[in-house]
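Undergrad: Sharing a structure, written as structure tokens. Questions coming.
Bear in mind these aren't lab numbers, they're just calculated from the coordinates by the rules spelled out. Treat the numbers as computed from the prediction; the structure is a model and nothing was measured. When we count neighbours, we look across all protein chains shown, and the Cβ atoms used for this are built from the backbone with ideal geometry, even at glycine.
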Amino acid sequence: MKKARDFDIRQLIVPLTLLIVFWVIAVLFWQLKENIFFLFNFGYIGTSIAVGLGIYQILPKKKKLWGRRLAQFLVGTYMLIFLGIILKENIQIEGFFVYLLAGIFSGSTIHYLVAKLAGPVIFHRGWCGWSCWTAMILDLLPYRRNKSGRLSRKWENLRYVHFTLSLILVLVLWYGFDYRDHSPIFTPMVWLLVGNTAYYIIGITLAYTLKDNRAFCKYVCPIPVLQKITSRFSMLKVEGSAEKCTECGACEKMCPMDIQISQYTQSHQRVLSTECILCIECVDVCAKDALKISFGFDFGKRELLNRKVS
């Protein structure tokens with residue numbers, strides 16, 4: 001009989017695949033842009049995620065979380081400190097809008113196009129689960145999720161309001177006040193410090209108020225507005241076996257995004273919700289090994305979420 005902690009090379013298929021994908025992207029951008037920075041940038045990010053995911057797969061269940069935490073901090077601190085503070089890249093979403101208006105194909109622009117738009121076609125919203133510099137702090141707070149479920153759907157509209165206001169702000173500054181990226185007032189460093197400080201304050205406040213570490217991600221963060229467009233087609237999704245599933249509900253209690261995972265499983269569908277951040281905690285907690293990450297081609301349009309009863 002196979003022991004629970006026996007190593008299986010198949011556990012490394014997903015991390016190795018992601019590693020290859022990121023290094024292919026790294027080499028392509030290096031050659032196209034003739035700038036070795038892109039080789040380092042995407043190579044580092046891909047390696048960090050692959051190492052974290054590989055460690056997660058190998059470690060025993062009670063220690064798996066350290067693999068994801070490692071990936072979060074390796075990528076999150078790199079983005080925030082190295083790209084943002086040292087290289088002075090405007091990595092806030094407002095910076096993405098500014099660079100698009102300026103026609104600048106910078107590191108920030110490429111980051112958003114690859115990680116937030118094109119990337120989810122392959123690895124879903126895995127960026128939110130494994131690499132986000134805001135979530136790497138929020139996930140350290142004491143609340144995994146609110147046991148009562150999500151707030152009503154209308155609260156999720158705040159993310160679209162946030163996205164729209166950010167875009168309007170940039171457009172007003174750009175066309176109304178002739179703002180450019182070298183402006184002495186709104187420098188990339190100002191955007192970074194002001195934006196991230198606001199994100200952390202709002203995120204931590206919401207986490208303690210709603211007793212939900214990921215409340216900011218569910219209701220306020222503007223990034224899912226982009227990710228949810230392409231993550232519907234993601235090739236990597238959580239897949240369940242209806243034959244093995246006992247509908248014990250453990251996966252749903254563990255899911256930080258309040259997804260009705262067992263409902264997808266019983267319907268013989270992969271988890272099609274665009275709220276999935278591919279954190280794999282549901283896979284880890286399943287006592288019957290009914291869940292796994294799989295490659296496939298399907299279209300996610302069913303949003304089955306646990307919500308608070310009014």
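Undergrad: Scan the range 66-92 and report the pairs whose first residue is closer than 14 Å to LEU193 by Cα and whose second residue is among the small types (Gly, Ala, Ser) and not in a loop (DSSP other than H, G, I, E, B), with Cβ atoms within less than 7 Å and a gap of 6+ or a chain change.
TA: Taking only residues 6 or more apart or on different chains, the pairs are LEU83/GLY107; GLU89/GLY107; GLU89/SER108; ASN90/SER108; ILE91/GLY84; ILE91/SER108; GLN92/GLY195.
Undergrad: Suppose we keep only residues that are in a loop (DSSP other than H, G, I, E, B) and surrounded by 14 or more Cβ atoms within 10 Å (Cβ to Cβ) within the range 276-297. Which one would you say is nearest to the chain's Cα centre (by Cα)?
TA: If we take residues in the range 276-297 being in a loop (DSSP other than H, G, I, E, B) and surrounded by 14 or more Cβ atoms within 10 Å (Cβ to Cβ), then ILE277 is nearest to the chain's Cα centre (by Cα).
Undergrad: Can you spot a residue in the range 197-213 that is free of Cβ contacts under 8 Å to residues at least 40 places away in the same chain, outside any strand (DSSP E or B) and among the small types (Gly, Ala, Ser)?
TA: Checked the range 197-213: at least one residue is free of Cβ contacts under 8 Å to residues at least 40 places away in the same chain, outside any strand (DSSP E or B) and among the small types (Gly, Ala, Ser).
Undergrad: Mind listing whichever residues of the range 214-267 are assigned to a helix (DSSP H, G or I), touching a strand residue (DSSP E or B) at 6+ places or on another chain (Cβ under 8 Å) and among the basic types (Lys, Arg)?
TA: If the condition is that a residue be assigned to a helix (DSSP H, G or I), touching a strand residue (DSSP E or B) at 6+ places or on another chain (Cβ under 8 Å) and among the basic types (Lys, Arg), then LYS218 is the only one that fits.
Undergrad: Is it fair to say LEU28 is surrounded by 21 or more Cβ atoms within 10 Å (Cβ to Cβ) and hydrophobic (A, V, I, L, M, F, W, C)?
TA: no
Undergrad: From the set of residues in the range 296-308 that are among the hydrophobic types (A, V, I, L, M, F, W, C) and touching a Ser or Thr at 6+ places or on another chain (Cβ under 8 Å), which is farthest from ARG69 (Cα to Cα)?
TA: LEU304
Undergrad: While we're on this one: Tell me yes or no: at least one residue of the range 94-106 is aromatic (Phe, Trp, Tyr), in contact (Cβ under 8 Å) with a residue 60 or more places away in the chain, closer than 30 Å to ILE259 by Cα and buried (at least 16 other Cβ atoms within 10 Å of the Cβ).
TA: Checking the range 94-106: not a single residue is aromatic (Phe, Trp, Tyr), in contact (Cβ under 8 Å) with a residue 60 or more places away in the chain, closer than 30 Å to ILE259 by Cα and buried (at least 16 other Cβ atoms within 10 Å of the Cβ).
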